[in-house]
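Below is one structure, written out as structure tokens, with a few remarks after it.
Only the coordinates and a few stated rules stand behind these numbers; no lab work does. Keep in mind it's a predicted model, so treat the numbers as computed, not measured. Every residue, glycine as well, gets a Cβ built from its backbone with ideal geometry; the counts of neighbours run over all protein chains shown.
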Amino acid sequence: MATGQGTLEPLLRFCGSLRELKFVSGAPSLGDLKRRMPSRPAASTLSPLLAGKIRRAPRWELVRELVTACQEHAKAVGIDLPEDLGSVTAWRRRHEELVRALDGSAPRRSPGELGGLLRLTASGEPPVLGELSDADLGVAPPLPGADTGYIARRDFDEEMRSMLSLEGPPYPYVLAYGEDRAGKSRSAVEALRAEFAADTPVLIPHTAAEVLRLRSHAQALGGLGTPAVLWLDDLTEAGLEELTPELLEWLSGWAVTAGTVSARRCGAILEQTGPEAAVARAALSTACLVHLPLELDDAERAEAAWHFAGGAAPRSFAEVVEAAQPREMLLRLNTARSANPVGVAVVRAAVDCHRAGLVRGLTRGELLRLLPPYLTALGAPMTTEDGFERGLAWARDPVVGGRGLLRPAPAEAGEERWQAAPELAGEADSGPVPGFLWPELLDLATPEEALGIGYQAGKRDAPVYAAAAFTKAMEDEENRSVALLWLGRAKSLLGANTGAKEAFRELMRTGDAGDRAEAALQLGALLRQEGDIPGAEEAWRRAAADGDDKRLAPMARFQLAVMLAHEDGDRGDIEALLRQVATSGHTDLAPRSWAVLAGLCEDRGDLPGALEAWERAAEWDHAEVAALMEESVPDLNQRMVELAEVLHGGPAPRTAGELLEQAERLKDLGDLAGALAAFESAADCEDPDVRARALLGAAWILRGQGRRAQAVEAFEAVAECGVPQHAAKALLELGVLLDEEGDGPGSHRAWSRAVATGVTDEAEISALNLGLQELGRGRVEAAETAFRRAVRTQNPRIRAKSALNLALLHDAGGAGDEAVDDWYRTAIETGDPEFMPQAAIALAGRMVGRGLRAEPKRLLGMAMGADDPGEKARATMFLGAVHDLDDDVDRAAALYRQAIELRHPDHSVEAQRYLGRLCWRTHRDDAARWHLRMVLDAGHAEHSPEAGLLLAQIHQGYGELDEAELVLTQLLETGHEEVAAEAGELLGDVLAGRGRTGEARRVWARVAEQGREPHAGVARARLAALADREP
């Protein structure tokens, strides 16, 4: 039901009451509310509702969930809600009244002349968005040295676009604000182009004064369609004075009002208290203000490096505070950069310390210590002590209601301390913490305080600093167990698996039962990831034994059951584990376990057992399991009906053919026991075709039930029936089954007999299997013979895989390039979606090695269309590397970024490492740091250590010794033999250069002991030089 112009007031009152409820219940964040709402609505659903930017009554179910979530939050924080706001019944009544009120419709507008108020086209109409250039919309030309590409400002773009996309009427009124030359117009225009169609009319007044006169031309504007866009770029105080509340309400009925205003002008207006700027202040207060920081963050600078000549992207402060803060405080902070950089730096340092986990107040000396990097990041000069005192005084000055941005904190030892206002820091739970702050914090913090810093570093994707913080926190005996657990997790994220396992095992030795179970649970997951199935099983069984029955034990048993099922473990053991979890009362895993049990029952043909398990799962209010039930249970019930018809709905089968038909139907319906009995009865006949088909059906069921010996007998019996097409299928599967059992000679005989049948597909697949088996035994000639037999097939998959193996065989045997390339081309020509990309990438690699370029690029372009995400990412990364070799820097970087976006766990990480090296080689230093840091934090066994080594060398070269030391320490902990020795050599150099010769001596001694040259020799020389300098 659309909302008419006259019915806005009830809707706005309703949304205002919801905002009041949210505030009085303790001001929970949207994230807190979403977590308490069963439907998990998106922020784009809740934000318009709370902001009053909706045009129809919200669903009652959504309102009820929101009210209930606020009630739960209020209860959790000890707040008693007023009856009129805390009662679901009262809200139901409000909602019904709102629905009754919203029965109007928008008034029609008659056409008329707009006159000379707006910029018009030659036809006398307002221009449409697609016709307007950047200059038409007030966008400044690109900066010197920059291209015309748009540098995405991710946080701003998301917020601005979500605000502009709010439905109406009332349509939104959105202003972008920020420092001069921050790119407000460009970013806002990009948001308009992203959210509105090219044919959207855009009204651009000649002057701000013309906006007020638009209302007298309502009929002409009514013919434009809704919503139009009213664009108000670079608003002045005079322009804002024209935007009266009445005008804005009228505009909201048919147009999205969007524009920009400078932070300096915005701050000046808000600082005024007299009546002379009252309308302008109201216009700012009414707007949805979206802040565009002047500074680019690390990811934005990494992208910007490709838009500036020579990669010289601007460097500046990268922090953005994103929290639900009072508007006046946030505006004061964001608009004071030019006027009071020292005060801004002090406040941001205090906010960041809180966000990074140091929640106590900061002393004057600590604030002074943190000040220089913040001033540098802001592009401001260093200050004197007097300047610091003035900045501190500004930060303490009250903004509104007597509250300053910086507040006094409890003093210790007679020393004053200061902390950020709770409104700025208390709920600031997103955005990165500047990298330069972590080492300083770790140095300032006590072991007890380091625990909180570690939590926050892990939460904010800074695992290097998290590991360092938890290592320091272990010095506090009271928190040692929890620090060990989190240290293991942090090191696991970093790829330092040896250190992670040591931390978990130490906790399993020294912790209480709960700690031991938690550590064993984490250790099992790590061992499973490494492929150590027995080790993972042992760890999870210990976690199940030591853990509590409500959380840790069910988690361990569930993970163990899933792993054993994946590894074809004992079905009885798996079901026993799942039944223990299902009866544990765990709100998530119990219903999931019943669902898995239902699937296991269905797999073994126990349909009643499957239905019973689904009934138990239905007792839990679990959304994902309920969705699975909606898919599975109706089908199960239908199959039960059909099964009854097959078994009892007609005359009993009398011939072997009828028995075979019944067996097939029973198998399709999931009654495997009945199907097996029918297959075995049908096989007791003289007809070789019926007997072979019946035995084959029985063999498949026996194999699926794990009765392998009986399955082998059944497959062999099929072959003895003498029907070629059935014998070929049976011998192929018999060979696979025997090969899985480790019976190489038996599988070889079975596949050889299958080849001899000459039956298309089965004979070629068997030949391919023989080739792979012979290759594994080192019998190259026999393997080649088998592959040549298989490659004659018309089946694309078998032909491609055989040709690929022949190419590899000939290459290993020293055959000429042409012979090897021909086999790769044969595989490529099949077009097989799995093996064609592999062959194309391999052939491209050979050609690149011979100095060719055009053909490899074509082949890699083909492989980029692969269905397999891994091959697509590998081809994209490889093509980027080829362009990199050709010094086609821009194309290489674009392909590397494309490969990174595919998020493959191996090839995307490798592409980011290559991009980091490319950035470093082309002097895009900030981008290089960011990409290499991403690779290091990915924890990849191969690529992370290499990226970390280069990153450490970059930090060392720039004198960033804290960062270099942390990275090198991390590399040593990973134990990766390719870089550990060099990392140790460099770490010793860093430590010695900082006067820590004792630590340097220990590191170099470790490198020398490992004996990996040339680094061991360098370490021995460094140790000798130290000894010579000692008295």
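Mind listing which GluC sites (Glu not before Pro) in the range 6-68 are in a DSSP loop and have 12 or fewer other Cβ atoms within 10 Å?
Sparse-neighbourhood loop GluC sites (Glu not before Pro): none present.
Tabulate in residue order the Karplus-calculated ³J(HN,Hα) for the range 462-476, using 6.51 cos²θ - 1.76 cosθ + 1.60 with θ = phi - 60°, rounded to whole Hz; enter x for Gly and Pro.
Couplings: 10, x, 4, 6, 4, 4, 5, 5, 5, 4, 5, 5, 5, 5, 8 Hz.
Between helix 889-901 and the chain, what is the angle of the helix's C-alpha long axis to the longest principal axis, kept within 0 to 90° and rounded to the nearest 10?
70
Measuring from label point to label point, each 7 Å out along Cα→Cβ, what is the Asp461 to Asp570 span in nm?
4.5
Determine the equivalent ellipsoid of the range 5-101 by diagonalising the alpha-carbon gyration tensor, then write out the semi-axes as square roots of 5 times the eigenvalues, largest first, rounded to whole Å.
In descending order, the three semi-axes are 21, 15, 11 Å.
Please list 3J(HN,Hα) in residue order for the range 816-830, calculated via the Karplus relation 6.51 cos²θ - 1.76 cosθ + 1.60 where θ = phi - 60°; whole Hz, with x for glycine and proline.
Each residue of the range 816-830 in turn: x, 4, 5, 5, 5, 4, 4, 5, 4, 5, 4, 5, 5, 5, 5 Hz.
Work through the residues other than Arg541 whose Cβ is under 12 Å from its Cβ and net out their charges, Lys, Arg +1 and Asp, Glu -1.
Residues close to Arg541 contribute a combined charge of -2.
Can you list the residues, at least 5 places off or on another chain, whose amide H is less than 5 Å from the amide H of Glu475, using H built in the peptide plane?
none
Return one number: the angle in degrees, 0 to 90 and rounded to the nearest 10, between the long axis of the Cα atoms of helix 835-849 and the longest principal axis of the Cα atoms of the chain.
70
Looking only at the range 12-54, which residues have a backbone nitrogen under 20 Å from a spot 7 Å from the Cα of Ala627 in the C-beta direction?
Under cut-off, by backbone N: 34-46.
Give me the percent relative contact order of the chain, please, defined on Cα pairs under 8 angstrom at least 6 residues apart.
6
Evaluate the charge dipole of the chain about its Cα centre and quote only its size in Debye, nearest 20, assuming +1 on the Cβ of each Lys and Arg and -1 on the Cβ of each Asp and Glu.
Taking the Cα centre of the chain as origin, the dipole is about 1680 debye.
Just one of (i) 106, 93, 66; (ii) 123, 79, 70; (iii) 110, 80, 64 is Cα extents along the principal axes in Å as worked out from the coordinates here. Which one is it?
Correct label is (i).
Do any trypsin sites (Lys or Arg not before Pro) in the range 170-204 lie in a loop, going by DSSP, with at most 11 other beta-carbon atoms within 10 Å of their beta carbon, and if so which?
Qualifying residues, ordered by number: Arg181.
Using only Cα atoms and rounding to the nearest 10 degrees, what angle (0 to 90) does helix 184-195 make with the longest principal axis of the chain?
Orientation of helix 184-195: about 50 degrees from the principal axis.
Report, ordered by chain and residue number, the lysines lying within cross-link reach of Lys667, taken as a straight Cα distance under 24 Å and ignoring same-chain residues fewer than 8 apart.
Partners found: Lys729.
All other residues with a Cβ under 14 Å from the Cβ of Thr655 taken together, and with Lys, Arg as +1 and Asp, Glu as -1, what is their net charge?
-3
Within the range 866-910, list the trypsin sites (Lys or Arg not before Pro) lying in a DSSP loop whose Cβ has at most 16 other Cβ atoms in a 10 Å radius.
Arg903
Once phi is turned into ³J(HN,Hα) by the Karplus curve 6.51 cos²θ - 1.76 cosθ + 1.60 with θ = phi - 60°, what whole-Hz value does each residue of the range 418-423 show in order, with x for glycine and proline?
Whole-Hz 3J(HN,Hα) from phi for the range 418-423: 9, 9, 5, 4, x, 4.
A 25 angstrom limit on the alpha carbon distance is what I want to check against. Which of Lys75/Lys472; Lys34/Lys459; Lys34/Lys501; Lys801/Lys872; Lys34/Lys75; Lys34/Lys491 exceed it?
Violating the 25 Å Cα-Cα cut-off are Lys75/Lys472; Lys34/Lys501; Lys34/Lys491.
Hey, if you put +1 on the Cβ of every Lys and Arg and -1 on every Asp and Glu Cβ in the chain, which of Pro408, Pro856, Leu523 ends up farthest toward the positive end of that dipole?
Pro408
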